[in-house]
Amino acid sequence: MTNVKNWTIKDIESLADAEAWYMANGDYAKIKGHDVYFIDFPGYFGYSCCVFYEGKSIHYANDYELHHAGKTHEELKEYYIKALNNKLFTEEEITEPIKDYDEYTRKAYFLRNYYPMRENYISAFSINPTAKEKADFKKKTAKMFYNPAAFGYFEDQDFVKHHLELFTQLVKRKEETKDNFEYQKAAFLSEMYNHEYNINWQADYDTLSAFGALDYMGDDGKALKSYFEQLNFTDLQKKAYFAAREEYYKNANY
């Protein structure tokens with residue numbers, strides 16, 4: 001495989017830990033317990049970072065020179081290390097108090113997308129499966145364990161249990177922010193920007209859906225009150241939402 005002239009994404013994501021170590025030739029970093037190999041792939045992807053954890057490829061966390069044109073290898077390596085320190089976490093960090101909404105979203109993303117790759121699993125998602133594919137899926141997962149945090153089926157029940165415990169700890173830490181006005185305001189403001197609040201015809205629904213499942217009620221004052229009730233918002237959270245909206249409009253570019 002190391003003789004491939006132009007590496008494809010499939011080639012890279014199929015790399016074994018030992019082969020990545022060999023190709024990196026000492027260009028390596030240990031980040032939050034993860035092994036990171038810096039490899040200059042021939043072809044489109046160029047100087048890239050490949051992430052592993054105890055021999056398992058965490059390739060969703062990989063990054064490639066292809067996406068960062070104009071940077072030198074030294075600049076890319078510095079960028080990769082900084083980025084990975086922000087999107088990878090130790091288990092101890094997951095259970096620590098949350099400083100802000102951005103930290104919570106990064107930790108939640110890590111648990112949903114990167115952490116599950118430590119074990120082999122079968123995704124619960126399938127697009128228009130045939131009858132045979134449905135039957136095969138049912139057969140393959142019959143003795144596996146469903147993990148709602150990863151939306152997939154795993155062979156190791158203990159891994160699923162531990163993963164869900166970590167997610168429960170993160171949710172508890174998020175609950176501790178309910179009485180933190182600045183945290184709540186920043187969280188709402190972040191989602192308002194994400195959903196282009198000032199030009200969105202269902203702005204309140206889309207923004208607040210980031211904080212829990214909602215039944216769509218429209219987008220007026222009565223609907224907003226219903227969304228607050230569905231999410232069991234406290235008076236502090238409601239005030240924080242209005243404060244975030246006021247700041248959003250103050251800074252919005254029309």
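Here are some notes:
- Counting neighbouring Cβ atoms within 10 Å and putting the fewest first, the residues 21, 201 line up as 201, 21.
- Span from the region 150-192 Cα centroid across to the region 1-77 one, whole angstrom: 29
- Residue order, fewest to most surrounding Cβ atoms within 10 angstrom, among 211, 125, 181: 125, 181, 211
- Overall form of region 20-138 per C-alpha gyration tensor (a/c, 1.5; a/b vs b/c): oblate
- Where Rh is the Kirkwood radius over Cα pairs, Rg/Rh for the chain: 1.03
- More than 16 angstrom apart: percent of Cα pairs within region 9-87: 42
- To the nearest ten degrees, helix 181-194 and the longest principal axis of the Cα atoms of the chain are 70 degrees apart.
- Rounded to the nearest 500, the helix-only mean residue ellipticity at 222 nm of the chain stands at -14000 deg cm²/dmol, with each DSSP H run of n ≥ 4 adding -39,500 (n - 2.57).
- Helix 131-141 and the longest principal axis of the C-alpha atoms of the chain enclose an angle of approximately 80°.
- Computed from Cα positions, the angle between helix 157-175 and the longest principal axis of the chain comes to roughly 40 degrees.
- Signed unit charges on C-beta, dipole axis of region 91-175, positive-most listed residue 167, 101, 130: 130
- All-pairs Cα distance distribution in region 134-250, expressed in whole percent, bin size 10 Å: 12, 33, 23, 19, 11, 1
- At q = 0.11, 0.14, 0.25, 0.28 Å⁻¹, base-10 log of I(q)/I(0) for region 181-251 (Debye sum, equal scatterers on each alpha carbon): -0.21, -0.35, -1.24, -1.53
- Scalar couplings 3J(HN,Hα) for region 61-71, obtained by applying the Karplus form with A = 6.51, B = -1.76, C = 1.60 to θ = phi - 60°, are 8, 5, 9, 9, 4, 3, 8, 9, 4, x, 8 Hz; x denotes Gly and Pro.
Taken together, the values in this text are just the output of simple stated rules run on the coordinates, not laboratory data. What you see is a predicted model, and the numbers here were worked out from it, not measured in a lab. Backbone-built Cβ (ideal geometry, glycine too); neighbour counts: all protein chains shown.
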